[in-house]
Every structure is written in structure tokens, then in C-alpha cells.
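Report on one structure; see the data block that follows.
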Amino acid sequence: MDIIHSVLSCLTGSSSENEPKVKTTPTRSEKDLASEFLTTLLTTDTTDPSLKKSLDETIHPTSWTSTLAQAILHGLENAITSGKTMGKAAADALVKATHEAYDFAKEHPIYTTILALGVLVVMAPWVLEVLGFGALGPIEGSFAAYWQSLYGDVPAGAVFGYLQRMGMVWGR
């Protein structure tokens with residue numbers, strides 16, 4: 001009779017109160033996973049055979065999400081810009097990535113220029129806003145406001161006018 005109840009509970013999704021409860025591990029946030037992944041990556045030697053296993057246990061290869069990848073990328077960026085001492089794995093990866101990027105740029109100058117221009121186009125609205133070229137005109141207390149104060153009346157065709165127009169068009 002227990003076999004029939006077991007089969008029926010599997011088919012219907014119901015369970016008996018007498019059945020033992022299955023323990024589930026609490027899910028960890030992507031921030032915690034990224035932190036553990038980075039700690040392992042930044043402190044472990046590449047020759048350590050447990051490195052891959054440890055990283056795979058932290059984050060299963062099929063459980064990557066864009067949020068998790070961004071958290072790891074942000075953590076790596078912070079480690080690099082702050083000059084944090086890295087384990088051999090991360091240091092080797094950084095050296096290799098830098099070398100590969102340099103070689104790619106050297107071998108494909110036109111493609112690299114196109115990529116750089118694309119990045120500039122994407123960042124242009126942000127740069128204009130930071131400089132003070134806002135959607136409603138120069139932002140008070142900004143570089144753009146200071147620059148305009150040097151002109152008084154901005155002459156026709158001035159670079160200032162062009163940048164302000166871009167700020168007004170892109171700042172919407």
C-alpha cells in the first residue's frame with residue numbers, strides 16, 4: 001500500500017504528513033555568490049587543482065545570470081582599480097587579458113577604432129551631463145556654466161553651442 005501512495009503522491013504532487021520533509025538549503029543572494037566567487041578567484045593559485053572545483057561549487061556553470069556576471073565584473077573592476085593584491089589566478093588572467101587586448105588592437109586597428117567610437121557615442125550623453133550641458137541649458141555651477149560665463153554671448157558656430165545642443169537633444 002505504501003508503494004501505491006508513493007506513486008500517487010509523485011503523480012499528483014501531494015504528500016503525506018507522515019513522509020519525512022526534505023531539507024532545502026537556503027538560496028544565497030547573487031551578491032553573496034559573487035563575493036565568494038571573487039574571494040576564491042583572487043586568493044587561489046592557478047596551479048591549485050581545487051580552484052575549478054571550488055568555483056564550480058560556488059556557482060554552477062548553468063546558473064549564471066546577467067546580474068551575477070555584472071556583480072562579479074564590478075568586483076573585479078574594483079579589485080583592479082584599487083590595486084588589491086591578487087592571487088596567481090587573477091593576476092595571470094589580468095596579464096593575459098591585457099596582452100590579448102593589446103595584440104587585438106594592434107592586429108585590428110580599424111575594428112578597434114570603430115569599437116572606441118561606439119563606446120564614445122554611448123558615453124557621450126553621460127559625459128555631456130557631467131560637464132554640465134543639460135537638457136534645459138548649462139547646469140548652474142558646472143564647467144559648462146563657467147565656460148559660458150567666459151563668452152558672455154556665445155558666438156555662432158562655437159564648440160560650446162554645438163555641445164549644448166547635443167546636451168539638450170540627448171538629455172531628454
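Rounded to the nearest whole Å², what accessible area per residue is found for region 123-171 with the 1.4 Å probe?
Working: 3290 Å² over 49 residues.
On a per-residue basis, 67 Å².
Distance in nm between label sites at K96 and S50, each 7 Å beyond Cα in the beta-carbon direction?
2.2
Please state the relative contact order of region 28-172 as a whole percent: Cα pairs under 8 Å, 6+ residues apart? It would help to have the intermediate numbers written out before the result.
On the way: 106 pairs, mean separation 28.8, N = 145.
Relative contact order of region 28-172: 20 percent.
Among the listed pairs K52/K84; K84/K106; K52/K106; K53/K106, which have their C-alpha atoms separated by more than 27 angstrom in this model? Could the numbers behind the result be given before it?
Numbers: K52/K84 22 Å; K84/K106 29 Å; K52/K106 32 Å; K53/K106 36 Å.
Check vs 27 Å cut-off fails for K84/K106; K52/K106; K53/K106.
Calculate what fraction, in whole %, of the accessible area of region 42-157 sits on carbon and sulfur atoms when a 1.4 Å probe is rolled over the protein chains.
Values: 5460 of 8430 Å².
Ligands and nucleic acids excluded, carbon and sulfur reach 65 percent.
Using R₀ = 41 Å, calculate the FRET efficiency as 1/(1 + (r/R₀)^6) where r is the Cβ-Cβ separation of F160 and K31; round to 0.05. Write out the running numbers ahead of the final one.
On the way: r = 43 Å, r/R0 = 1.05.
FRET efficiency, F160 to K31: 0.45.
Once the Cβ-Cβ distance between E107 and W64 is put in as r, and R0 is 30 Å, what FRET efficiency do you end up with, to the nearest 0.05?
Working: r = 30 Å, r/R0 = 0.99.
Efficiency, from the Cβ-Cβ distance: 0.50.
How high is the FRET efficiency from Y151 to V122, r the C-beta distance, R0 25 Å, rounded to 0.05? Please report the intermediate quantities before stating the final value.
Details: r = 29 Å, r/R0 = 1.17.
Computed FRET efficiency for Y151 and V122 comes out at 0.30.
The values are calculated or read from the model by the stated rules, or taken from the named source; none is laboratory data. Note that the structure is predicted; figures quoted are calculated from it, not measured. Neighbour counts run over all protein chains shown; Cβ positions are idealised from the backbone, glycine included. In case anyone asks, the SASA skips ligands and DNA or RNA and just uses the protein heavy atoms, side chains included. Shrake-Rupley method; radii C 1.70, N 1.55, O 1.52, S 1.80 Å.
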